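Working notes, structure below.
The values are calculated or read from the model by the stated rules, or taken from the named source; none is laboratory data. The structure displayed is predicted, hence computed values, not measured ones. Positions of Cβ are generated from backbone atoms using ideal geometry, with glycine treated the same way; all protein chains shown enter the neighbour counts.
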Amino acid sequence: MVPSLFKPSDGKAWAAVAVILKECPDAMVLVGKRIMNPRDPWSGDAAFPGGHYEASDGDLLNTAIRETMEETGIDLRKLGRLVTVLDVEHPRNMPSLNVLPIVFKVDCGVEAVNTTSGEFEYLKWVRLSDLPNADKVTVVKGNTRKAVILGDMVIWGMTRRILCKLYGMLNNKQENVRG
């Protein structure tokens with residue numbers, strides 16, 4: 001049974017993203033670089049698979065699973081295990097949109113394919129241990145921002161905030177186990 005918090009009932013705009021984690025042995029998360037599209041406010045940005053809630057999804061968990069399958073070819077129903085749900089985020093360029101980040105874990109052998117959905121230029125497994133050294137201040141879309149820079153992928157805004165939360169959660173968990 002899906003928790004009721006996954007079902008939007010407030011009439012607001014909702015979306016869900018799948019934060020797909022695998023530990024092989026390093027913790028890695030799947031991030032894609034969005035294709036350039038003049039109609040897309042996040043054109044060229046780094047993002048997690050995901051998208052807008054549709055009533056036919058029934059809930060935001062199904063939104064994340066559907067969008068992930070469409071955009072990456074990963075069937076989270078078969079290959080993913082629900083780990084946790086992070087706090088609702090809001091893109092700064094669209095603060096009325098509620099985005100629910102849902103963390104899934106997959107086995108090491110799971111790979112993503114860039115599907116014909118036209119969402120991503122490419123997909124990349126990002127090692128969370130690379131985040132501290134790659135976190136910089138840079139100019140993104142004409143503004144100075146904090147961003148994780150990994151090659152030509154610049155992870156900023158909401159995607160960076162989600163990655164940093166996940167990194168913090170995993171590091172606190174590891175410190176507690178060691179301590």
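Every residue, every condition in (1) farther than 21 Å from Ser9 by Cβ; (2) crowded, with 18+ Cβ neighbours inside 10 Å; (3) in contact with a strand residue (DSSP E or B) (Cβ under 9 Å, 6 or more places away or on another chain), yes or no:
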| residue | (1), (2), (3) |
| --- | --- |
| Arg77 | yes, no, no |
| Leu82 | no, no, yes |
| Glu89 | no, yes, yes |
| Asn93 | yes, no, no |
| Phe104 | yes, yes, yes |
| Asp107 | yes, no, yes |
| Asn114 | yes, no, yes |
| Phe120 | yes, yes, yes |
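Let's see how each residue does on (1) of a type in the set (Val, Ile, Thr); (2) touching a Cys at 6+ places or on another chain (Cβ under 8 Å); (3) more than 22 Å from Leu82 (Cα to Cα); (4) loosely packed, with under 15 Cβ neighbours inside 10 Å:
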| residue | (1), (2), (3), (4) |
| --- | --- |
| Ala16 | no, no, no, no |
| Asp26 | no, no, no, yes |
| Lys33 | no, no, yes, no |
| Arg39 | no, no, yes, yes |
| Gly51 | no, no, no, no |
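Would region 93-112 turn up any residue that is among the aliphatic types (A, V, I, L, M), closer than 23 Å to Pro41 by Cα and assigned to a helix (DSSP H, G or I)? No, the conditions are met nowhere in region 93-112.
When region 85-127 is filtered for residues that are closer than 20 Å to Cys24 by Cβ and within 13 Å of the chain's Cα centre (by Cα), the ones remaining, listed by number, are Val103, Phe104, Lys105, Leu123, Lys124, Trp125, Val126.
Across region 64-86, the qualifying residues are those that are assigned to a loop (DSSP other than H, G, I, E, B) and touching a Leu at 6+ places or on another chain (Cβ under 9 Å), and the one among them that is nearest to Tyr122 (Cα to Cα) is Ile74.
Restricted to region 52-75, and to residues there that are among the charged types (D, E, K, R) and free of Cβ contacts under 8 Å to residues at least 24 places away in the same chain, the residue that is farthest from Ser9 (Cα to Cα) is Asp75.
Tell me, which residue of region 151-173 that is more than 21 Å from Gly50 (Cα to Cα) and either over 16 Å from the mean Cα position of the chain (by Cα) or not in a helix (DSSP H, G or I) (or both) is modelled with the lowest pLDDT? Ranking the qualifying residues of region 151-173, first place goes to Lys173. For first residues located in region 125-145 and farther than 15 Å from Arg161 by Cβ and assigned to a strand (DSSP E or B), partners that are modelled with pLDDT of 85 or more and acidic (Asp, Glu) and lie 6+ apart or on another chain with Cβ distances below 6 Å form the pairs Arg127/Asp26. Criterion applied to Pro49, Pro95, Pro25 was being closer than 27 Å to Pro132 by Cβ and free of Cβ contacts under 8 Å to residues at least 24 places away in the same chain, and the one residue passing it is Pro25.
The single condition from (1) at pLDDT 95 or above; (2) touching a Ser or Thr at 6+ places or on another chain (Cβ under 9 Å) that Leu79 fails is (2).
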